[in-house]
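Written out below as structure tokens is the structure these notes cover.
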Amino acid sequence: MKLQNKTAIVTGAASGMGKAIAIEYAKEGANVIVSDLNLEGANVVAEEIITAGGVAAAIKTNVANLDELQAMYDFAVEKFGSVDIVMNNAGIMDGMQPVNEVEDDRWDLVMNVNTKAVMQSMRIATNIFLEQGHGVIVNNISAGGLYGARAGAVYTASKHAVVGLTKNTAFMYADKNIRCNGIAPGGVATNIGASMSNMSEVGYKRQSLGMAINPRTGEPIEIAKLAVFLASDDSSFINGQVVGADAGWSAY
């Protein structure tokens with residue numbers, strides 16, 4: 001098992017990619033903290049893991065609330081004694097608004113969840129990792145962090161910022177046995193669209209131009225397999241990278 005005796009936190013783990021990642025981490029031997037704003041859904045995932053013979057515990061976390069983020073880490077340490085892997089997966093979409101349509105409230109909401117919360121999670125994690133002498137961070141960044149029109153202006157900016165955080169963190173702690181990488185999925189079958197509201201007709205029409213060349217929609221398990229690789233020692237020489245997984249969409 002690739003993650004035997006490791007403790008892994010997965011945010012946004014009640015559904016979609018987060019759920020698949022939590023389950024795969026558990027299959028590889030990790031003790032998994034199933035974190036989500038939807039506690040009922042997180043409990044279902046944790047029970048599924050336990051029923052299959054794995055180890056998991058669920059916790060309700062609003063990642064945009066620093067106190068709840070800290071409580072999540074405290075819970076993991078109290079439950080399993082350490083934190084070895086952090087998968088920052090939780091995120092929300094915008095409504096495809098181009099910059100002239102962006103409202104400040106939308107900007108603040110998306111940036112708080114997609115960027116500030118990731119930074120704060122990484123800050124807590126790296127302090128734990130520095131004390132224990134090792135650790136791995138994997139950020140679910142999305143192709144929106146590498147390209148200009150996979151979403152609206154706010155989502156795109158929020159994910160580009162996490163690319164910078166990922167690379168900076170990787171270099172700053174490369175000599176401390178701490179690694180930080182990102183995943184940039186293309187279109188994947190999840191419920192993230194539920195976080196979209198007040199859709200921009202202009203933005204959606206422009207963004208849709210690129211959808212015509214998307215080879216296919218991915219499945220959460222396909223991203224989860226990559227997340228296992230990046231969390232495990234199999235990727236020990238990989239640091240500061242953002243790995244695309246999009247069936248060749250970005251190769252055009």
Under Karplus coefficients 6.51, -1.76 and 1.60, residue-wise ³J(HN,Hα) of region 76-93 in Hz, glycine/proline x | 4, 5, 5, 6, 10, x, 6, 10, 10, 9, 10, 10, 7, 10, 4, x, 9, 8
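For region 64-142, which GluC sites (Glu not before Pro) are both in a DSSP coil and crowded by at most 12 other Cβ atoms within 10 Å?
GLU103
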Grab the other residues whose beta carbon is less than 14 angstrom from that of VAL99, score K and R as +1, D and E as -1, and report the net.
-> -2
Net charge near SER35, counting Lys/Arg +1 and Asp/Glu -1 over other residues with Cβ under 11 Å of its Cβ?
-> -1
Measure up LYS6/LYS60; LYS79/LYS167; LYS60/LYS176 against 27 Å on the Cα-Cα distance and list the ones that go over.
-> LYS79/LYS167; LYS60/LYS176
On a 0 to 90 degree scale, rounded to 10, what angle separates helix 39-51 from the longest Cα axis of the chain?
-> 50 degrees
Taking Cα atoms only, helix 220-231 is inclined relative to the longest principal axis of the chain by an angle, in degrees rounded to 10, of 50 degrees
Could you pull out which residues in region 19-34 have an amide N less than 18 Å from a spot 7 Å beyond the Cα of ILE221, following the Cα-Cβ vector?
-> 19-29
Hey, rough spin-label estimate for ALA52 and TYR252, points 7 angstrom out along Cα→Cβ, what's it come to in nanometres?
-> 3.4 nm
Using modelled backbone amide H atoms (1.01 Å from N, in-plane), which distant-in-sequence or interchain residues come within less than 5 Å of GLY135's amide H?
-> ARG179
Amide H to amide H under 5 Å from GLY240: which residues, 5+ apart in sequence or cross-chain, H placed 1.01 Å off N in plane?
-> CYS180, ASN181
Rounded tilt (10° steps) of 153-172 against the dominant C-alpha axis of the chain | 40 degrees
What share of the DSSP beta bridges in the chain is antiparallel, in percent to the nearest 5?
-> 0 percent
Quick one: which residues, 5+ away or cross-chain, put their amide H under 5 Å from the amide H of ALA56? H built at 1.01 Å from N.
-> VAL32
Calculated FRET efficiency, ALA149 and GLU103, Cβ-Cβ r, R0 25 Å, to nearest 0.05?
-> 0.80
Using only Cα atoms, what Kirkwood radius does the chain have, in angstroms?
-> 18.0 Å
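Computed from the coordinates by the stated procedures, all read-outs in this text should not be read as laboratory data. Keep in mind the model is a prediction, meaning the values are calculated, not measured. A quick note on method: Cβ atoms are made from the backbone with ideal geometry, for glycine too, and the neighbour counts reach across all protein chains shown.
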